[in-house]
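*Asks:* Below you will find the structure I want to go over with you.
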Amino acid sequence: MSNIDQDIVKDFAAESKAVLHDLVDLLQNIEGDFSQVQQLEEYTQKLDRIAGGAKSLAFLVPSEHALHMIADYAALCRVVGDKTSQIDGNSQLYDICVALLIDATETLSEGIGALEDGGSAADLRNSFTKTFLERLRWVSNQFATDSKASKKLDQNEIDNLLKKLGMF
């Protein structure tokens, strides 16, 4: 079915899960403390490496392989983290976004665990709850109206990733 050595996938998964565990800790430590908003830059940098690694490995497997969804989902988390790091003067939106990122990062970790167990992209897509998707869309709409965040990142980036994940 795929041209990828399963040891490579397992190594990627193990390293990614360790990083994601650290990222959940980071998010939990900054939750409710708007003065820590810049800590999200570390979050986005580490997620960018996971997304890049998954995307590189995804070139070696068919399009229905879970690596494609992992790459897109990690990229979506990175974009939300990046936009959240740019929030200026809105601690309530920051709190909502950090809580969303904690959930999203934990879901990504579960998805990577499923990847180790041979889960498909369809299995991962089914793990996204309706409530999570509604919260993600709401946050996405808030970013669309936040002028500072909109200047750096095009809102279409979130929408396109959601479409690729089959969520929009």
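The values are calculated or read from the model by the stated rules, or taken from the named source; none is laboratory data. Because the structure is predicted, anything quoted here is derived from the model rather than measured. Don't worry about glycine lacking a Cβ; one is built from the backbone with ideal geometry, like all the others, and counts go over all protein chains shown. All accessible areas refer to the heavy atoms of the entire protein, side chains included, with ligands and DNA or RNA removed. Shrake-Rupley method; radii C 1.70, N 1.55, O 1.52, S 1.80 Å.
*Asks:* Give me the pairs: first residue in region 127-148 and polar (S, T, N, Q), second residue at pLDDT 75 or above, beta-carbon distance under 7 Å, and six or more apart or on different chains, which are they?
*Replies:* Close Cβ pairs (under 7 Å, with a partner that is at pLDDT 75 or above) amount to 127/107; 127/110; 127/111; 142/93.
*Asks:* Something else: Any residue in region 76-86 that is of a type in the set (Gly, Ala, Ser) and open to solvent by 20 Å² or more (accessible area, probe 1.4 Å)?
*Replies:* no
*Asks:* Among the residues in region 1-9, are any closer than 15 Å to residue 104 by Cβ, out of contact with any Cys (no Cβ under 9 Å at 6 or more places or on another chain) and hydrophobic (A, V, I, L, M, F, W, C)?
*Replies:* no
*Asks:* State whether one or more residues within region 5-24 are touching a strand residue (DSSP E or B) at 6+ places or on another chain (Cβ under 8 Å), open to solvent by 60 Å² or more (accessible area, probe 1.4 Å) and not in a helix (DSSP H, G or I).
*Replies:* No.
*Asks:* Do you know which residues across region 101-117 are open to solvent by 20 Å² or more (accessible area, probe 1.4 Å) and in a helix (DSSP H, G or I)?
*Replies:* Within region 101-117, 103, 106, 107, 109, 110, 114, 116 qualify.
*Asks:* Here is a list of conditions, (1) in contact with a strand residue (DSSP E or B) (Cβ under 9 Å, 6 or more places away or on another chain); (2) surrounded by 19 or more Cβ atoms within 10 Å (Cβ to Cβ); (3) touching a residue at least 24 places away in the same chain (Cβ under 8 Å); (4) not basic (Lys, Arg), and residue 72 meets all of them except one; can you say which number that is?
*Replies:* (1)
*Asks:* For region 77-100, check the following and say yes or no: at least one residue is under 12 Å from the mean Cα position of the chain (by Cα), part of a helix (DSSP H, G or I) and without any contact (Cβ under 8 Å) to a residue 24 or more places away in the chain.
*Replies:* The answer is no; no qualifying residue exists.
*Asks:* In addition: Take region 25-45 and flag every residue that is in contact with a helix residue (DSSP H, G or I) (Cβ under 8 Å, 6 or more places away or on another chain), assigned to a helix (DSSP H, G or I) and acidic (Asp, Glu).
*Replies:* 41, 42
*Asks:* Output yes when any residue across region 126-143 is closer than 30 Å to residue 5 by Cβ, at pLDDT below 90, buried (at least 22 other Cβ atoms within 10 Å of the Cβ) and touching a helix residue (DSSP H, G or I) at 6+ places or on another chain (Cβ under 9 Å), and no when none is. Outline the logic, then answer.
*Replies:* Residues of region 126-143 closer than 30 Å to residue 5 by Cβ: 126-128.
Then drop every residue that is not at pLDDT below 90, which leaves 126-128.
Those left that are additionally buried (at least 22 other Cβ atoms within 10 Å of the Cβ): none.
No - not one qualifying residue is present in region 126-143.
*Asks:* State yes or no: is residue 54 more than 23 Å from residue 144 (Cα to Cα), surrounded by 21 or more Cβ atoms within 10 Å (Cβ to Cβ) and touching a strand residue (DSSP E or B) at 6+ places or on another chain (Cβ under 8 Å)?
*Replies:* no
*Asks:* Another question, then. Would you mind stating whether residue 67 is in contact (Cβ under 8 Å) with a residue 40 or more places away in the chain, within 19 Å of residue 105 (Cα to Cα) and in contact with a Leu (Cβ under 7 Å, 6 or more places away or on another chain)?
*Replies:* Criteria met by residue 67.
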